[in-house]
Amino acid sequence: MSAGESARLEAERQLALAAAHEREAIASRSKAGNYMAAAESEKRIAQLLAPLTVHGHFLLPDRAWPGSRRAQVDLVLVGPSGVFIVDTKWWKDVVVAGGRVFRDQEDVTDEFEGLADLAYGTEAALATVGLAPGEVKSVVVLAGRKGIQQSVGSVDVVGEGDIVRYIVRRGQRMTESQVSTVLGAALQHFPVVGAPAPVAAVVREPVLESAPTHIDVDALMTEDEVKEVLYEGLLAEPIEEWMSFLHPDQAKLVRRSFNGPARIRGAAGTGKTVVGLHRAAYLARAKPEGKILFTTFIRTLPDVMRNSLERMAPEVVDRVEFRGVYEFAGSLLSERGISSKLDSRRVKTAWWDAWRAESAPLKEIDSKPDYWKEEIDYVIKGRGLTQFEQYADSARIGRKRRLTIDQRRSVWALYREYEQQLEKQGVHDFADRILATERALREQPLEGYSAVIVDEAQDLSCAMVRMLWSLVGDEPDAFTLIGDGQQTIYPGGYTLAEAGISLAGRGVVLDINYRNTAEILQAAARIVDGDEFTDIEGADQLGDGTQRVSRHGTPPVFAKFTTDAYHDEALVAHIRAITREIGTGIADVAVLCRTNAGAAAVTSALVAAGLPTVQLTEYDGVPIDAVKVGTIKRAKGLEFKQVLLPRVDESLLTPSAVRDPDGLGSLLERHERDRRELYVGMTRARDGVWIGSVSAP
């Protein structure tokens with residue numbers, strides 16, 4: 001090496017090293033600038049949200065990201081409006097469109113996945129204290145922006161000037177005690193951030209300027225605007241407690257994943273429908289493609305559920321389709337141009353013509369035509385049986401009367417004649433509509449549904465369940481049945497095995513009563529004492545026992561009268577007493593009858609007494625100050641503080657009143673259904689039950 005060569009090489013090395021340090025310095029200054037901007041924007045957001053603390057919200061800034069050693073969460077807010085995981089972005093050129101985020105024309109949507117996962121994990125952590133999954137919101141705030149409210153998957157994106165309104169518009173979703181419970185769990189889930197990572201560079205410790213004592217918030221929201229938004233939030237009507245806070249077991253079940261069809265069952269009052277509605281909202285968030293179908297047998301219940309979800313989770317209500325099973329079937333047939341002409345008058349004509357032609361041998365067994373019409377509707381057409389051999393081998397689930405092979409031949413002859421008479425009249429009955437829909441779906445499957453939830457599944461026919469299952473099949477978390485065999489109030493029945501559906505252990509039982517008082521539940525249980533039925537899973541049982549009831553109250557009132565006039569007078573007096581003395585609002589009172597004729601008679605008595613009424617056939621869940629009147633069947637899936645059951649047959653109040661000495665079964669079957677119907681009516685009540693009966697002196 002020549003003289004001076006080593007010095008030249010060292011000089012070049014030092015210059016290269018200096019250049020490298022300069023590049024690192026530039027990068028560090030840029031990073032420091034980003035952190036300073038982020039720190040300032042985070043303080044701006046915290047300052048903007050500070051007024052919420054006066055109204056019961058708690059701000060948890062700079063919390064550790066659960067499961068991470070260094071990552072942290074800008075801000076967690078816990079309050080009456082829910083739980084919000086807030087991440088602040090100081091992004092200038094940003095566009096949110098079509099569920100994607102673009103920054104300087106670069107797609108940065110993937111940066112939101114971590115926040116979505118964090119919200120998912122937080123849902124699980126807070127479910128242990130009963131917080132419903134939908135009450136955890138992940139939100140990105142764009143600092144310095146206003147007039148932005150978009151969604152990127154499960155993450156909401158709002159402007160800095162919109163964040164206060166975004167939070168308070170959710171209204172009051174938790175009580176003060178519930179906020180305290182959730183806050184305690186959130187503090188554990190999001191620990192305090194530890195010391196920052198040590199500086200690796202060996203440099204003299206810099207001398208820093210003192211931090212600013214005040215940060216001005218840009219005029220994105222004036223002080224008056226903040227006050228106005230807060231006032232709007234305070235005026236918002238609090239939602240029902242069940243919409244945001246569940247029992248921990250329920251909250252966990254809402255999020256539970258099943259690798260195929262599943263079933264949720266439990267006795268009356270255990271919150272099955274509540275879990276089903278929350279699960280519909282949860283699946284709507286978790287499944288980005290396709291709609292969630294929430295269906296049931298009762299025609300009016302979907303409207304009530306839709307309005308409940310509108311209040312509970314308005315952001316996903318458009319992702320959930322609420323339809324009665326017959327409405328769904330009729331709509332699909334209409335869309336595909338398949339004829340399904342329903343005409344009740346002509347259907348009745350077809351039935352009576354068939355009965356006159358083929359009833360002779362059946363009258364000797366049971367002279368009541370209704371029994372045989374039920375046999376055709378629920379046992380034969382309800383299963384879609386097309387050959388006598390199928391009917392001959394059928395177990396006839398839910399039917400007490402045994403039929404010999406020759407008697408079944410007589411039933412089959414009546415069925416064939418009825419079908420011919422329907423064709424002659426040019427009409428279809430309701431069972432035909434379901435079977436036609438099932439055939440149409442077999443020939444051309446329907447796309448567009450990612451999950452189906454069936455409430456009150458025990459009331460459906462085998463063909464209905466089979467048809468609904470065909471929409472989604474055995475995909476994970478796609479098909480959920482909700483119901484209780486003890487509350488079966490329609491003739492016949494079915495098993496999942498008949499429908500070709502296997503649960504394979506994916507059944508969950510709810511065993512805590514959240515609705516009724518112990519006194520109401522005990523009285524209702526006595527009505528169905530000893531009632532044995534075959535569950536849809538195929539087991540013979542006496543009903544699901546409720547292990548715990550948390551509330552106590554007054555025993556149900558059983559009142560006997562000698563005339564309808566005395567009965568109706570006492571019914572009106574009882575409504576006035578509970579609304580005046582107990583303080584129950586008239587909107588919380590329901591009068592439930594066995595028949596439409598009974599409901600009409602009660603309505604006349606209430607109107608004559610000057611009491612406002614609304615029919616359950618017209619009730620859609622929107623609060624209205626009127627006594628709800630309707631049949632017990634219409635009230636399934638609903639609950640009221642006070643329930644009155646008028647003109648109840650006294651024989652239903654004594655479980656052993658009807659015997660079956662000849663083993664024929666039809667009378668016992670009818671009586672058991674009527675008792676179960678009374679049980680359903682009684683268990684609609686949260687606080688009080690009044691039962692009236694009329695008998696001659």
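Here are some notes:
- Out of THR579, THR603, one residue alone is open to solvent by less than 50 Å² (accessible area, probe 1.4 Å) and either at pLDDT below 95 or within 25 Å of the chain's Cα centre (by Cα) (or both). It is THR579.
- Restricting attention to region 295-322, the residues that are surrounded by 19 or more Cβ atoms within 10 Å (Cβ to Cβ) and under 21 Å from HIS247 (Cβ atoms) add up to 5.
- From the options LYS363, LYS341, residue that is within 21 Å of LYS424 (Cα to Cα) and open to solvent by 40 Å² or more (accessible area, probe 1.4 Å): LYS341
- Qualifying residue in region 80-91 (condition: open to solvent by 30 Å² or more (accessible area, probe 1.4 Å), in a loop (DSSP other than H, G, I, E, B) and among the charged types (D, E, K, R)): no
- Residues satisfying the stated conditions in region 523-549, i.e. in a loop (DSSP other than H, G, I, E, B), modelled with pLDDT of 80 or more and open to solvent by 60 Å² or more (accessible area, probe 1.4 Å): ASP529, GLU537
- Some residue of region 556-565 being under 24 Å from VAL694 (Cβ atoms), outside any loop (DSSP other than H, G, I, E, B) and free of Cβ contacts under 8 Å to residues at least 40 places away in the same chain: yes
- The listed residues are LEU571, LEU592, and the only one of them that is crowded, with 21+ Cβ neighbours inside 10 Å, over 25 Å from LEU301 (Cβ atoms) and either at pLDDT 95 or above or touching an Asp or Glu at 6+ places or on another chain (Cβ under 9 Å) (or both) turns out to be LEU571.
- Residues in region 270-294 that are among the acidic types (Asp, Glu) and either open to solvent by less than 20 Å² (accessible area, probe 1.4 Å) or in contact with an Asp or Glu (Cβ under 7 Å, 6 or more places away or on another chain) (or both): none.
- Helices (runs of 4 or more DSSP H) enclosed by region 269-349 - at least 3 residues per element that are without any contact (Cβ under 8 Å) to a residue 24 or more places away in the chain: 325-335
- Within region 366-403, the only residue that satisfies the criterion of being open to solvent by 40 Å² or more (accessible area, probe 1.4 Å), farther than 23 Å from THR488 by Cα and of a type in the set (Gly, Ala, Ser) is SER367.
- Extreme residue, modelled with the highest pLDDT, among residues of region 152-175 that are touching a strand residue (DSSP E or B) at 6+ places or on another chain (Cβ under 7 Å) and hydroxyl-bearing (Ser, Thr, Tyr): TYR166
- Of all residues in region 606-626 being out of contact with any helix residue (DSSP H, G or I) (no Cβ under 8 Å at 6 or more places or on another chain) and of a type in the set (A, V, I, L, M, F, W, C), the one that is surrounded by the fewest Cβ atoms within 10 Å (Cβ to Cβ): ALA608
- Consider region 63-79 and keep the residues that are out of contact with any helix residue (DSSP H, G or I) (no Cβ under 8 Å at 6 or more places or on another chain) and either assigned to a strand (DSSP E or B) or among the β-branched types (Val, Ile, Thr) (or both). The one that is nearest to GLN178 (Cα to Cα) is ARG63.
- Boolean, VAL629 is of a type in the set (Val, Ile, Thr) and either open to solvent by less than 10 Å² (accessible area, probe 1.4 Å) or over 20 Å from ILE298 (Cα atoms) (or both): yes
The values are calculated or read from the model by the stated rules, or taken from the named source; none is laboratory data. Nothing here was measured: the structure is a model prediction, and the numbers come from that model. With ideal geometry, Cβ positions are generated from the backbone for all residues, glycine too; neighbour counts draw on all protein chains shown. Just so you know, the surface numbers come from the protein's heavy atoms only, side chains and all, with ligands and any DNA or RNA stripped out. Shrake-Rupley method; radii C 1.70, N 1.55, O 1.52, S 1.80 Å.
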